[in-house]
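The values are calculated or read from the model by the stated rules, or taken from the named source; none is laboratory data. Keep in mind that this is a model prediction, so the values were computed, not measured. Every residue, glycine among them, receives a Cβ derived from its backbone with ideal geometry; neighbour counts consider all protein chains shown. Just the protein is used for accessible areas: all its heavy atoms, side chains included, with ligands, DNA and RNA removed. Shrake-Rupley method; radii C 1.70, N 1.55, O 1.52, S 1.80 Å.
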Amino acid sequence: MTSVAEKPGAAGGVRFLNGLNPLAALAAPVPAMVALVFARDATTPAAFLVLAVLVLLVGVRLSGRLLAALLALPVVVVVLGLGFSLWTDPAVVAQTPVVWGAGAWQVRVGALEIGLSTGLRLAAIVALSLIPGLSIDGTDLIRASVQQLRVPYRIGYTALAALRFVPRFGHELEVIRQAHRVRGAHAGRGPFAAIGRWWGYMIPLLAGAIRHAERVALAMDARAFGAHPDRTERHLVPFRARDVVFVLLFWAVTAGLFVVL
């Protein structure tokens, strides 16, 4: 039986990013991120920073921490700008006015402009990368890569199986920790006790990983994984018209901002 993969937030009308194909959410901001690497003014990255924040606020369900992090971006830009201004070559900005100085050390207007534009550029690239980062589910990205990009399913679903290992390892690690606490093994404080505890976790965690990998390999073998050049998909991740519209609209806005600014 085949079904369309359900995504969290897909039913929410305004959280449109969660309902997009992962490839669309990934492809839309990439040209802007690449082009921003070569931008040297402050206006262009500032415009893309505002654009990315607006898209995230409208398109993704944000937790309180993520919302606070987005609202703190101006502070991050100022801190980065001041930091980068200190690393600017004084010879490059020697003709600009001095803002502040202490002895032979001076901070010039040109250094602040370069630092601010660099900080804005980094913040804009990070904010744009959050568009796919906060809206894409890793399993759906792999499924979409297999279905739309024709990535060999042997590679895609092997990566999917590896991705499934991560939460299982987290659960097994917590169980091993609880067992060690019950036994009182490697108790104490300090770096040596911590090293002893982690060394004690490694062997049972590795044994559990090998055991789980064997079960997964046997299950995949029993289902004739890799026996045919292609296979049917249980969960479909369709690339709809709205995905095309979002990508083209984002690319058009990107081109418009670079032309106007």
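Tabulated data for the structure shown
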quantity	calculated
Which listed residue is at positive phi and either small (Gly, Ala, Ser) or free of Cβ contacts under 8 Å to residues at least 12 places away in the same chain (or both), from 226, 208	226
Positions within segment 195-213 being among the β-branched types (Val, Ile, Thr), open to solvent by 100 Å² or more (accessible area, probe 1.4 Å) and modelled with pLDDT of 85 or more, in sequence order	203
Every residue from segment 128-175 that is among the aliphatic types (A, V, I, L, M) and within 15 Å of residue 24 (Cα to Cα)	128, 130, 131, 134, 136, 141, 142, 144, 146, 149
Residue that is exposed (fewer than 12 other Cβ atoms within 10 Å of the Cβ) and charged (D, E, K, R), where the choices are 183, 242, 231, 177	183
Residue 216 vs. criteria modelled with pLDDT of 85 or more, under 30 Å from residue 131 (Cβ atoms) and β-branched (Val, Ile, Thr)	no
Residue pairs meeting the criteria (Cβ under 8 Å; at least 6 apart or on separate chains; first at pLDDT 90 or above, in segment 36-53; second not in a helix (DSSP H, G or I))	43/261; 44/261; 45/39; 47/261; 52/29
Single match in 66, 80 (criterion: touching a Ser or Thr at 6+ places or on another chain (Cβ under 8 Å) and closer than 20 Å to residue 124 by Cα)	80
Which numbered condition residue 160 fails, given (1) surrounded by 14 or more Cβ atoms within 10 Å (Cβ to Cβ); (2) more than 30 Å from residue 23 (Cα to Cα)	(2)
Matching entry among 254, 232 (being of a type in the set (S, T, N, Q) and modelled with pLDDT under 85)	232
Close pairs (6 angstrom Cβ cut-off, 6 or more residues apart or separate chains): in the same structural domain as residue 113 (by the TED database) in segment 91-102, surrounded by 11 or more Cβ atoms within 10 Å (Cβ to Cβ) and assigned to a strand (DSSP E or B) anywhere	93/108; 96/108; 98/106; 98/108; 99/107; 100/107
